[in-house]
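Visitor: Let me give you the structure first, and then I'll get to my questions.
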Amino acid sequence: MEDLSAKKREIDEKLQMETQKLAFLKDSLNKSNQLTENMVSILESFSSRLHKLEDTIVPVHRDTKNLQKLQDSILFNPEDIPLEHLPERTVAELTEISRWLITQNSTDFMNVYAQIRSNTLLRSLDGLKEHQAKTGTATGVSPASGGSRKLALKDTPTKKTAYLKGRTIIRKAGSSIMKHSSLTLDTARRQGSNVVAELKDDVSDTETDTCILCISALLKLMQSESKLMEGVIPERYHNSIFEQLVQQSMDGVVADVENIATSAKRCIGKHDYSAVLSIFPVLKHLRAINPDYEEALKGTKQGQKLPSLMSTLDTTGAKALEEFIDSIKNDPDKQSNMSKDGTVHELTSNAMIFLQNLLEYLHTAGGMLAAQVAASWCPVDIYPAGMKAAEINERKLSIYIGKVLGALQLNLENKAKGYDDPALTAIFLLNNYHYILKTLKSSGLMRVVVLQTSDIEEHYEDIIREQKRLYSKSWSGVLRHILEISGKTVSQQRAAPQMGKKFKLKDKERQTIKDRFKGFNQEFDDIYRTQKGYAIPDQELRQTLRNDNRDFILPAYTAFREKYEPMQFTKNPEKYIKYSPEEVSATIDRFFDLSA
């Protein structure tokens, strides 16, 4: 019996222990279920928060007004843009979740985060592009001077208009339209007009503005994403997750720039060198903003993309600039391509407008040329030690402008040979060289050119004086009738008025005087009919040449008339004395005016 009791007691004790274990297991299971439910709740909250992040951006792309506010926040007041789209409580929850997940050796949530935020970046940039395309707003985005660069949206219609005018007047299509219009380019120049064909803005101009805008916007968005990530992603994963996050947006911006470069190359290949102007603002902006990009992309592979782009644009631009010089050298000297009035040649105006556009991007264009020299390592272009990059750029552009002017002068001299009239040849060269010199002075190009060619102004002034001298020879036929030539006219003694005495002229002497008046009238009428059709579009030059003609002719004619008019050399003086000095002066004032 005692054995049976002991065995029963042992069984009861085991049963009690198993009961306790079962209760413990039930309690543990309840706790585990509770933990599971808590985990699910946390993960659901995390997922909900991430979707809310996405939902805060979507309306921006659906609502134009909200999109404009976002754009203004990014570009006008970057300090006011929120660095995160979540309240502090949400960020704290995300931080807690991320830490817990990291302890469980799970990084899936970081990849999900990178993908969501990457898509958000893409949609933001796409929204800006859509808005830009709809509004057609002319914008220029540039970093502010000083240490920390801030984004600024500049609406500069004057520069934009000058830029488009430069592109339009150089463009071959523009030339074609003007040739077929009722108001030709020659007529516009003859009238001193600045008429330019009104062409629809080129697509590449909008693309350039949009590209610059997106480059700046992406930088600001990346900076905001980097700060937002600090509260969600552990520090040791920052670089890898950030690279995933920005890669697609960076690739998109790179593609936009490459498209502009490709388009420019295609146009340049068709000898439309104005296309290179679309590269300059992009390259200028890339150079200015690159330090900020390097800082934002530190620790990633994306940081090398902008330098590579700048190298591509440098090569494309430098090649176009050199080919532009060749195009000037080889511009055909066809007579059909020459104006009949000797006005400023289209090649001259196009070349000077092109150079003026370069001046706006002085350091960008100079940097292009300097970069190509550095790549080829040409000893001739080694500058003194310590010379700043800006000075080197200016000197490189100065050399380039000198080459363009040299090629232009050579071509103009060859073109001038197409005129049969020496006076028109001189007028043609006078117009062109005066236009070049005036443009150099008024545009600021002179300041750059003199860095390498200090006597450039004197050079053109000498040429202008020589062309004026050559032109004045056209008056020799007029002057030979009114200037005294010893032994061939009435002698000074017989012609001198004598108090109370009158001399009877011989028939030969009367005929000589008649012939001289008649010859003057005929030559003066001929030169007027010819030269009133000459074009001198610059008002100041036109009046100067008229004054020179007046000073050249009027004193000699006045003296001639006063000397021979009192002599009774004809019964019909009005037949030979056709012009008074005042009428000669008034006629000279109508020279170089086809409407006169």
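Visitor: Taking the Cβ-Cβ separation of D420 and N330 as r and a Förster radius of 41 Å, what is the calculated FRET efficiency to the nearest 0.05?
Guide: Here the calculated transfer efficiency is 0.95.
Visitor: Measure off 7 Å from each Cα along the Cα-to-Cβ vector at D515 and F552, then give the distance between these two points in nanometres to one decimal.
Guide: Spacing of the two 7 Å Cα→Cβ label points: 2.5 nm.
Visitor: Once both labels are modelled 7 Å past Cα along the beta-carbon direction, what's the Q543-S28 spacing in nm?
Guide: Taking the two extended label points, one gets 10.8 nm.
Visitor: With a 10 Å radius around each residue's Cβ, average the other Cβ atoms per peptide and rank 349-356, 447-454, 121-128, highest first.
Guide: Highest to lowest by the protection proxy: 349-356, 121-128, 447-454.
Visitor: Given a Förster distance of 22 angstrom, what is the FRET efficiency for D462 paired with K438, based on the Cβ-Cβ distance and rounded to 0.05?
Guide: Once rounded, the FRET efficiency stands at 0.90.
Visitor: Oh, and also: Could you put C211, C267 in order of accessible surface area, largest first, with the 1.4 Å probe and the full protein assembly present?
Guide: Descending accessible area places them as C267, C211.
Visitor: Sticking with this structure for a sec: Skipping prolines and chain starts, which residues have an amide H placed within reach, meaning under 5 Å, of the one on Q452, given they are 5 or more residues away or on another chain?
Guide: Hits under the 5 Å cutoff: none.
Visitor: Evaluate the distance, in nm, between pseudo-label points positioned 7 Å from the Cα of R590 and of E235 along their respective Cα→Cβ axes.
Guide: Going by the 7 Å Cα→Cβ label model, 9.0 nm.
Visitor: Using θ = phi - 60° and the Karplus curve 6.51 cos²θ - 1.76 cosθ + 1.60, what whole-Hz ³J(HN,Hα) does each residue of the range 320-328 get, with Gly and Pro shown as x?
Guide: My calculation for the range 320-328 gives 5, 5, 5, 5, 5, 4, 4, 5, 5 Hz in order.
Visitor: Also, I was wondering about something else. Pull up all non-local amide H partners of F592: gap of 5 or more, or a different chain, and H-to-H distance under 5 Å with H placed in the peptide plane.
Guide: Here the answer is K532, G533, Y534, since their amide H atoms fall under 5 Å of that of F592.
Visitor: Going by average Cβ density within 10 Å per residue, which order do the peptides 255-263, 283-291 take, highest to lowest?
Guide: Result, highest mean Cβ count within 10 Å first: 283-291, 255-263.
Visitor: Of K31, K532, K340, which has the most accessible area with a 1.4 Å probe, and how do the rest follow in descending order?
Guide: Greatest to least solvent exposure: K340, K31, K532.
Visitor: Under a point-charge model restricted to the Cβ atoms of Lys and Arg (+1) and Asp and Glu (-1), what is the dipole moment magnitude of the range 204-264 relative to its Cα centre, in debye to the nearest 20?
Guide: Value, rounded to 20: 300 debye.
The values are calculated or read from the model by the stated rules, or taken from the named source; none is laboratory data. Nothing here was measured: the structure is a model prediction, and the numbers come from that model. Glycine gets a Cβ as well: all are built from the backbone with ideal geometry, and neighbour counts include every protein chain shown. Protein only, heavy atoms only, side chains kept; ligands, DNA and RNA dropped before computing areas. Shrake-Rupley method; radii C 1.70, N 1.55, O 1.52, S 1.80 Å.
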